Every structure is written in C-alpha cells, then in structure tokens.
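Step one of this worksheet: look at the structure below.
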Amino acid sequence: MKKKEKILIQQKIDGVLPPADEKRVDEILKKSGKARAYFEKLARVDKALKNDAEKPLEVDVANRVMKTITKKNHQPSISKIKPIRLYENRFLKYAAVLFFGLLLGATAGWFIFSNPQTGNTGNMAGTIATPPGEHAFSDELTSIKIQQFNTSEYLVALVTIETKKELNCEITDNLHVLMPNDIIPLSTNRFLAQTTNNERTYRYTIIGPTVFQIITENNNGLDIKFIRNSQILAHKKIKRKETNF
Amino acid sequence: MDEDRKIIARIINGSVDQYRKLVEKYQQPVYRVILKMTGDAENAKELTQDVFVRAYESLEQYNPEYKFFSWVYRIAINTALAFIKRQKRFVHAEHLPEIAEENFNEHDGERMQIIKQTLQKMPVNYKTVIVLKYYAGCSYADIATITGEEEKKVKSRLFDGRKLLKKQLLEKGLFNNF
C-alpha cells in the first residue's frame, strides 16, 4: 500500500475524506485485502480511542477556580508579582542572597559608624570611638584618653597621655571654680611645667607618659585643649553628668 | 463559539462570575486531555484547576479571532507537558507507573487498559495530536491552531502517531481479542 492510500483511508475513518476521493477509496478497499485489513485495524484503534474518550469523568474544579480568581481579583497586583520566578535559577538565588547580605552589612556598617556610641569628637582629627564617658585621640606621636566619672557633686576626669613630642595641655574653667590642686598628677612623669596660670586657664607642657586627674565642683564644664606647635590637636569639653563636644 | 466570546467580553468588563460558565463548559474535556497526557488522575485535577486560573489571569491576552477552547487547550497541553517534564526528572520514562485513573474498572477491560498504557508511553508529539483528536474532539485545523503547526504537519503527525499506536497495540496482541 502506498502512503497516500493509507492517508486517504485515515481521512475516511476521520470523516474528512474529500467527496472527490470517496469513490477512489471505496475502490481500493474493494480490490485490496491489505487495504481492507489496514482499514479494519485502524478503525478498531479509532473506535477504541473514541470509546475511551466517551467514558464520563468526574471532575468539578469550577468552585475552586472561582474561589481562586475571586481572591486574586481583589488583589490584582499580587498575580503580577512572581517572586518565585526570580529564584528559578539557583545562581540567581545565591546572587540575591549575597546581594541582600551585602546590603544589610553595608547598612549596619553605615549605621554603626555614623552613630558611634561615644561622644562625637568634633573637629578632632584622629579621634577614635570609645565607650560612653571615655574620649580618645590618637596620631602617630600622641595618644590621649580622657575617662570621665560623675558623682552627685563632682566631675572627675582621668587623663592619660602618651606623647613622643612635647605637647601643651590647656584646661579652662570659665566659672573660676577649678583650683590648681584640683589637677592632680598621678604618674611619676609629672608635668614638665605649668607655664601659665591665669584666672581661667591652666597650661601644662607634657612629654612622655603622663596621667593626671581633675576633680571639680564645676557644673558648667571644663574645656581641655591639647596643642602642639600652636595647632590644636584635640579639644574637649567635659561636663558633669553629660558631655558636650 | 460566539457565546464564549460574549462571556469573555462580559468578564473583561467586570463580571467575574461569568467565568464559571466557561469553566463548567470546558472542565471535562480539559481534564480529559490533561489526564491522557499525564496519566495521573489526581494531579490532572490540580492541573486542570491551574489551567483555568492561568487562562483567567491572561484573559486579556486572548485573541478573539481564535476559538476559546483552542486557547484553553493550548494552555492545557503546555501545562501537561511541563508536568511531564518535571516528573521525568524523578522517574525515567521506562519506569513510569501504570496508569491509575480513578474511573478505571473491570468493565473497561484489558483492551482499554492496554490502550491507555500504550498511549501513555508514546512520544509526546504523537500523543499530543492523538489526545487532541480523540479526547478533545478537535479537528485538524483546531489541532494546528493549538499546537501552532501547519495543518499538513498535524495530519502527518497524526498519521505517524496512529501508525505507531496500531503497531504497539498489535505487538500487545490487542487485535487478537477483538
């Protein structure tokens, strides 16, 4: 049998045989036993499939479909957002996790460094972050730390200085409360000199490791400046209970 | 078909409830197509539901020049093929479970069972046209619209598909019992 004849037989079974070919197919089936066998087998397959297709099936998804689309209809934007698709690719998922991780880290870093828990050190170059009540300055020649303690009556500050080059320290008391004895050297390496003592400012020249304590009833605060070669390295204002830089 | 288009126009204009009519009208043939494509009765129901939800969501993309059922069948076939692809990741085609259709019973007989099993194991390109022809009642032209192929190609594929089906059924001795 030729393929064309087989196709015609199939078209007859499918009921789409052009009228012009009806007679021709009938002739083929009448004359050829092979064609008749082909027709019969194909007709059986066709019938079997049709019988199978006619079998009723129980399915009712209408309620579930309507429930789903009604729900989505109230939130039309949700159906447009397809978050899962973004992560269909495993590498995209990892990239997304990495991206959000970096973003979170950068945000946390920005927050921490822009809001140090210690006092803002103002214009002090070389200022480093310290715990509350503690202030510090550091450069390649000098390290300064001021630890502040408060009582109900006194402002107490412990100043620790390590300097390889001569440094001047000026402590100004605008209320005239601070007395020379209120500045107490604690280290064996005392001040080199108390060069000036006007009514409001105590000036000391320092070199090497030096520790001194300030204790005062001054509630208005003290200005402490550290100066080298006429340049202010650090400037602090300490005040009882709170600091203001 | 004009009725379908009127319903769709009403849905797009806000009468969402009208969609129920289309679902009720086509859920049986869509389910049948998916069932025959996948051979999995329980998942076929879920997939049928997905097809209608997906069709609704993209209803504005529907081209009224074509029959609504052609469009839905296309979604159904794509959904079924995607499901088959997913399943094949886990089960090799040679080891696919025997068809477990919920409505199968002894009255269907051995012949029906053999047809179902044979159909299930056919290549998807043949299976698709046979399922659309017999289980969705589509014409050659409809199948061409659904599959996006030329009608001539559909005829050829249907021819080859039935030939393969006939051969496999003969090998299983189906026609000895006719």
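Read-outs: derived from the displayed coordinates by stated rules, not from any lab. Keep in mind the model is a prediction, meaning the values are calculated, not measured. Virtual Cβ from ideal backbone geometry, glycine too; neighbours counted across all protein chains shown.
Would you mind getting me the FRET efficiency between B:ASN78 and A:PHE113? Use the beta-carbon distance for r and R0 = 45 Å, nearest 0.05.
On the way: r = 53 Å, r/R0 = 1.18.
Step by step, r from the Cβ atoms, then E = 0.25.
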Report the label-to-label distance for B:GLN87 and A:VAL97 in nanometres (one decimal), using points 7 Å from each Cα along the Cα→Cβ vector.
-> 3.2 nm
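If the chain between A:GLU58 and A:ILE227 were fully stretched, how many nm would it gain, using 0.36 nm times the residue separation less the Cα-Cα distance? Walk me through the intermediate numbers first.
On the way: separation 169, 0.36 × 169 = 60.84 nm, distance 9.33 nm.
That works out to 51.5 nm of additional length.
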Counting other C-beta atoms within 10 Å, which of B:LYS166, A:LYS67 has the fewest, and how do the rest follow?
-> A:LYS67, B:LYS166
Which stretch or stretches of region B:128-169 have amide N atoms under 12 Å from the point lying 7 Å from A:LYS50's Cα along the Cα→Cβ direction?
-> B:134
Fewest Cβ neighbours within 10 Å first, please rank A:HIS135, A:HIS176 accordingly.
-> A:HIS176, A:HIS135
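If you place +1 on the Cβ of every Lys and Arg and -1 on the Cβ of every Asp and Glu, how big does the dipole about the Cα centre of region B:1-87 come out, in debye to the nearest 20?
Numbers: 14 positive and 12 negative charges, 37 e Å.
The dipole of region B:1-87 has a size of about 180 debye.
Peptide B:19-27: average number of partner chain Cβ atoms within 10 Å per residue?
Numbers: counts 6, 5, 1, 2, 8, 5, 1, 0, 6.
Mean shielding by partner chains, rounded to a whole number: 4.
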Please average, across the residues of A:39-51, the number of beta carbons from any other chain that are within 10 Å of each residue's own beta carbon, and give a whole number.
-> 5
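Among rounded, prolate and oblate, which fits region A:3-54 when a ≥ b ≥ c are the square roots of the eigenvalues of its C-alpha gyration tensor, a/c under 1.5 means rounded, and a/b larger than b/c means prolate?
Numbers: a/c = 2.64, a/b = 1.51, b/c = 1.75.
Here region A:3-54 falls in the oblate category.
Counting other beta carbons within 10 Å of each residue's own, what order do B:ARG74, B:ARG32, A:ARG200, B:ARG86 fall into, fewest first? Display every interim value, and only then the final one.
Numbers: B:ARG74 18, B:ARG32 24, A:ARG200 14, B:ARG86 9.
Least to most surrounded, the residues fall as B:ARG86, A:ARG200, B:ARG74, B:ARG32.
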Between B:LYS121 and A:LYS3, take the C-beta separation as r, use R0 = 25 Å, and let me know the FRET efficiency to the nearest 0.05.
-> 0.50
Per residue of A:9-17, count partner chain C-beta atoms within 10 Å of its C-beta, then hand back the mean as an integer.
-> 2
